[in-house]
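Have a look at the structure below before the remarks.
The values are calculated or read from the model by the stated rules, or taken from the named source; none is laboratory data. None of these values were measured; they are calculated from a predicted model. Note that each Cβ is placed from the backbone with ideal geometry, even for glycine, and that neighbours are counted across all protein chains shown.
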Amino acid sequence: MRFPTEGGRAYKASFCGVLAALGLIFSYIEFLIPLPLAIPGIKLGLANIVVIVALYTLGEKYAFLVNITRIILAAALFGSVFSGLYALAGGLLSFACMVLLKKAGVFSVAGVSMAGGVFHNIGQLAIAAIVVGSLKVSYYFPVLLLSGMATGIGVGVLAHFILKRLKS
């Protein structure tokens, strides 16, 4: 098997499709098995593994397509308009942050992923504040900050090992 960056556009597009499908499966698994926490919005973020793998193997354009495709399909298949809106806000802000940090070149995959997890929560809190019409939802921020850091590191470590395996 070739490394994804070695192939042409068709090879990259097909790998992009595989990653989007895998991300959708991870989203569905998270939908089926919610975390037993009383705080809304905390998830493992397993689907972000495929976004990070796409970012480091295929580049920004294809990773963006994987991210958007997965979010839209997950919202359409087993979410709602509001869950899609929250996921889209978090996913876009998270992706922008991860792209910038990856370009900086001083952060590990786990560091990029951790920041992505935190910024995903910030994006969701921003939408929640708009929907609710109050900044009181920001009281969740410390807990979401810690959970975003923890899950982001875990996702980043998994993505790091997948990337190493893909290169070998």
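Structure summary
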{"read-out": "Hey, Gly91 surrounded by fewer than 19 Cβ atoms within 10 Å (Cβ to Cβ) and closer than 16 Å to Ser27 by Cβ or not", "value": "no"}
{"read-out": "Checking Ile72 against (1) surrounded by fewer than 21 Cβ atoms within 10 Å (Cβ to Cβ); (2) outside any helix (DSSP H, G or I), the condition it does not meet", "value": "(2)"}
{"read-out": "First in region 107-124 and assigned to a helix (DSSP H, G or I), second anywhere and of a type in the set (Lys, Arg), Cβ under 8 Å, 6 or more apart", "value": "Val112/Lys102"}
{"read-out": "Residues of region 34-49 classified as in a loop (DSSP other than H, G, I, E, B) and modelled with pLDDT of 80 or more, total", "value": "4"}
{"read-out": "Per-region count, region 88-106, residues aliphatic (A, V, I, L, M) and in contact (Cβ under 8 Å) with a residue 24 or more places away in the chain", "value": "5"}
{"read-out": "Of residues in region 125-141 being hydroxyl-bearing (Ser, Thr, Tyr) and part of a helix (DSSP H, G or I), the one surrounded by the most Cβ atoms within 10 Å (Cβ to Cβ)", "value": "Tyr140"}
{"read-out": "Some residue of region 157-167 being in contact (Cβ under 8 Å) with a residue 40 or more places away in the chain and out of contact with any helix residue (DSSP H, G or I) (no Cβ under 6 Å at 6 or more places or on another chain)", "value": "yes"}
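Results for (1) over 19 Å from Gly59 (Cβ atoms); (2) surrounded by fewer than 23 Cβ atoms within 10 Å (Cβ to Cβ); (3) of a type in the set (Val, Ile, Thr), shown as yes or no for each residue.
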position: Ala96; (1), (2), (3): no, yes, no
position: Val99; (1), (2), (3): no, yes, yes
position: Met149; (1), (2), (3): yes, yes, no
position: Val155; (1), (2), (3): yes, no, yes
